[in-house]
Amino acid sequence: MDRRRLLQSFVAGAAMSVVPMGASYARALDGAASTQFHALIQQITDDFLLSDPTVLTSYGLDRGERAGARFKLSDNSPAYATVQRAKMKAAMQTLAQIDREALSRVERTQYDWVSFFGASTVAIDDMGYGVGGYPSPYRISQLTGAYQFVPDFMRSQHRIEQTDDAEAYLSRLEDFAVQLEHDREITAQDQAKGVIPPDFIVQKTLTQLRNLIEVDPQNHSLVSSLSDRAAAKGLAGEWAARATEILKKKVYPALQKQVELYEAVLPRTTHDAGIWKQPRGDEFYAHALRYYTSTGMSADEIHQVGLDQVAELTARADALLRKIGKTEGSVGQRVASLSDMEGQVYPNTDEGKKRLIDDLNLDIAHMNTLLPQYFGRLPKSPVEVRRIPAEIEVGAPGGYYMGPALDGSRPGAFYINLRDTAEVPKFTLRTLTWHEASPGHHFQVALGTEQDDLPLLFKGIGFSANLEGWGLYAEQLADEMGVYKDDPLGEIGYLQSLMFRASRLVVDTGMHHKRWSREQAIRYMVDVLGDQESNVTTEVERYCVWTGQACAYKVGHNVWAKMRKETEARLGSRFDIKAYHDFGLALGPVPMAVLERELRDWQG
């Protein structure tokens, strides 16, 4: 997920995110602490969510009095980022003036939520480079930049129902070119500060950018997405021709400028993979770990936890492999050999990829029949499996989740990377589905969006360790449900998933703190997991640009798993699994320290 995509919708416009000291945030607030707090929450919501056209569309709020939002994308200019940074800092100053102890218990939880998010965002912003408020040091990479986000957003989230929607689509295409130029401008400024991605990141980014502009504009999916949907709604107009003209005259030239910028900087690149080589890189990484794990764990501590858990999980996988007769070679090699077993890989054809998606949707339908035994609240919004668009799948992660619209107009979606079906053998797919869909990301996110008493702000920000930790806990829960009772290979796939996330702790801290090379990181993961090198390479290169994000998963899972075990021991026969899950999820994706405190105080 990350998400990842959930956070992106907020972070892309909101947390790229300081107003002068005389602004509204800095004024003393009168009245009760509760009134002060909710006024601040509303102000932050207005300034960072409801002012962002992209966020409004993502939430399905771009209708009625906010219909004008459909005609614009987020403002990603350097000037706007400066204003937003000032607002965030001022908001945190006002928050510090509110008497936390005078708030209700729920409000104190939300106070800590906002405090941690704001402090983390400001700390990253003060580093002075990168995506802004988000621990990615490179504005343009194989995974970051408007060229990555906007086309997928336009195809999957911009609705075409009436003529105005089609006109808004064209207006947003014009804005896309503006966003691309702002990305290029900020990247050039960062380069002047000495912030330059590794050579392999620049090269992969160049490949993706060149692939985009090698497509004939009239055949681009941004054109067909508009023209096909307009035709389906019977909307008369020269939609394809007009979209093609915008791409040809504005978007493609802006993409070409990004290509030229990265071609020019390529001779200055090095092969060093970690953030340590960038200005104040060690400090950046410390902030990134705190941002993503929402704990105080150091890089050395996380690295050791990763090593310990890789060893433990490897031993468990070894026992299962021996049970099915796999005794020769390392655990990684034996796990890899499972992909060679008959029927483990779908045909790498459009038909085979469609069948894969159909099968996963059937798995989700079956899981839905089991969920009422473990949860009192179930999401109303459905979830479906979709393929990551072919034009961005080369650099995209293996899978991610996108939440439903607040108004119910769009379901949740689990996007899976099918560039090569050999990278997603059957024994791994069910676990990935539980993680991204239900009872994982979709379950947690959809329940949050459907929680009427949760302020909108808390439906727009969340902590990766909580979100991704829940995704892994969902994998654990699926195992407890007995889904692998007659599927020993699937159970090995589940353990491999946990090993994968534990190895991330080792590799991310290895590259960014211990100065491992890209190749050292790839070799470690291949040896541990037995995964295809092409797949591992994509993952390792992801960690280079989403600094610290890979540590959120297992750190978060460790907290969820530990708290479940502690609570069962504390409550004994009074422990109710459904009530426990409902309480934990109702808190929202809070920082892990807050989650631990609330679960320890819960009485069942």
Of the numbered conditions (1) modelled with pLDDT of 95 or more; (2) closer than 20 Å to Arg410 by Cβ, Asp183 satisfies every one except a single condition; which is it? (2)
Any pair with Cβ under 8 angstrom, 6 or more apart, that starts in region 364-375 at a residue that is at pLDDT 95 or above and ends at one that is among the acidic types (Asp, Glu): Ile364/Glu384; Phe375/Asp582
Test Glu301 against the criterion of being in a helix (DSSP H, G or I), acidic (Asp, Glu) and farther than 27 Å from Ala550 by Cα, and give yes or no. no
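Out of the residues in region 399-434 meeting the condition of being small (Gly, Ala, Ser) and modelled with pLDDT of 80 or more, tell me which one is surrounded by the most Cβ atoms within 10 Å (Cβ to Cβ). Reasoning before the result, please.
As a first pass, look at region 399-434 and keep what is small (Gly, Ala, Ser): 399, 403, 405, 408-409, 412-413, 422.
Still in the running and modelled with pLDDT of 80 or more: 399, 403, 412-413, 422.
On the way: Gly399: 21, Gly403: 27, Gly412: 23, Ala413: 21, Ala422: 15.
Here the answer is Gly403.
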Checking Arg66 against (1) within 26 Å of the chain's Cα centre (by Cα); (2) at pLDDT 90 or above: exactly one of these is not met. Which one? (1)
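Under the condition of being in a loop (DSSP other than H, G, I, E, B) and touching a Pro at 6+ places or on another chain (Cβ under 7 Å), which residue from region 184-220 is nearest to Thr547 (Cα to Cα)?
If we filter region 184-220 for residues that are in a loop (DSSP other than H, G, I, E, B), which is where we start, we get 193-198, 215-216, 220.
From the residues that got through so far, the ones that are touching a Pro at 6+ places or on another chain (Cβ under 7 Å) too are 193-195.
On the way: Lys193: 19, Gly194: 17, Val195: 14 Å.
Here the answer is Val195.
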Are any residues in region 569-604 in contact with an Asp or Glu (Cβ under 8 Å, 6 or more places away or on another chain) and among the β-branched types (Val, Ile, Thr), and if so, which ones? Val590, Val594
When you go through Leu247, Leu226 one by one, which is the residue that is touching a helix residue (DSSP H, G or I) at 6+ places or on another chain (Cβ under 9 Å), farther than 22 Å from Val55 by Cα, buried (at least 17 other Cβ atoms within 10 Å of the Cβ) and of a type outside the set (Val, Ile, Thr)? Leu247
For region 308-366, give me each residue that is of a type in the set (A, V, I, L, M, F, W, C) and either touching a His at 6+ places or on another chain (Cβ under 8 Å) or over 16 Å from Glu491 (Cα atoms) (or both). Val310, Ala311, Val345, Leu356, Ile357, Leu360, Leu362, Ile364, Ala365
Kindly evaluate Leu73 against the criterion of being out of contact with any strand residue (DSSP E or B) (no Cβ under 6 Å at 6 or more places or on another chain), within 30 Å of Ala166 (Cβ to Cβ) and at pLDDT below 90. no
Subset of region 74-90 that is closer than 28 Å to Phe149 by Cα and of a type in the set (A, V, I, L, M) - its residue that is surrounded by the most Cβ atoms within 10 Å (Cβ to Cβ): Met88
Go through region 456-511 and give me each residue that's more than 28 Å from Met297 (Cα to Cα) and of a type in the set (A, V, I, L, M). Leu456, Ala478, Met481, Val483, Leu489, Ile492
Any idea which of (1) surrounded by fewer than 19 Cβ atoms within 10 Å (Cβ to Cβ); (2) assigned to a helix (DSSP H, G or I) is the one Val114 doesn't satisfy? (1)
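Suppose we filter region 444-475 for residues that are in a helix (DSSP H, G or I) and either modelled with pLDDT under 90 or more than 30 Å from Ser115 (Cβ to Cβ) (or both); how many remain?
7
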Inside region 434-456, the number of residues satisfying the requirement of being in contact with an Asp or Glu (Cβ under 8 Å, 6 or more places away or on another chain) and not hydrophobic (A, V, I, L, M, F, W, C) is 3
Suppose we keep only residues that are assigned to a helix (DSSP H, G or I) and within 14 Å of the chain's Cα centre (by Cα) within region 540-555. Which one would you say is surrounded by the fewest Cβ atoms within 10 Å (Cβ to Cβ)? Arg542
If a residue has to be assigned to a helix (DSSP H, G or I) and under 24 Å from the mean Cα position of the chain (by Cα) to count, how many in region 584-604 make the cut? 8
In this structure, is Asp531 within 30 Å of Asp199 (Cα to Cα), at pLDDT below 95 and outside any helix (DSSP H, G or I)? yes
When you scan region 377-386, do you find a residue that is of a type in the set (Ser, Thr, Tyr), closer than 30 Å to Tyr580 by Cβ and buried (at least 16 other Cβ atoms within 10 Å of the Cβ), even just one? yes
State yes or no: is Arg322 among the basic types (Lys, Arg), out of contact with any Leu (no Cβ under 6 Å at 6 or more places or on another chain) and over 25 Å from Leu222 (Cα atoms)? yes
Filtering region 135-183 down to residues that are in a helix (DSSP H, G or I), among the basic types (Lys, Arg) and crowded, with 23+ Cβ neighbours inside 10 Å yields Arg172
In region 497-522, residues that are over 21 Å from the mean Cα position of the chain (by Cα) and either modelled with pLDDT under 95 or assigned to a loop (DSSP other than H, G, I, E, B) (or both) total 5
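The values are calculated or read from the model by the stated rules, or taken from the named source; none is laboratory data. Remember, predicted model here, so these are calculated numbers, not experimental data. Note that we place each Cβ from the backbone using ideal geometry, even for glycine, and neighbour counts take in every protein chain shown.
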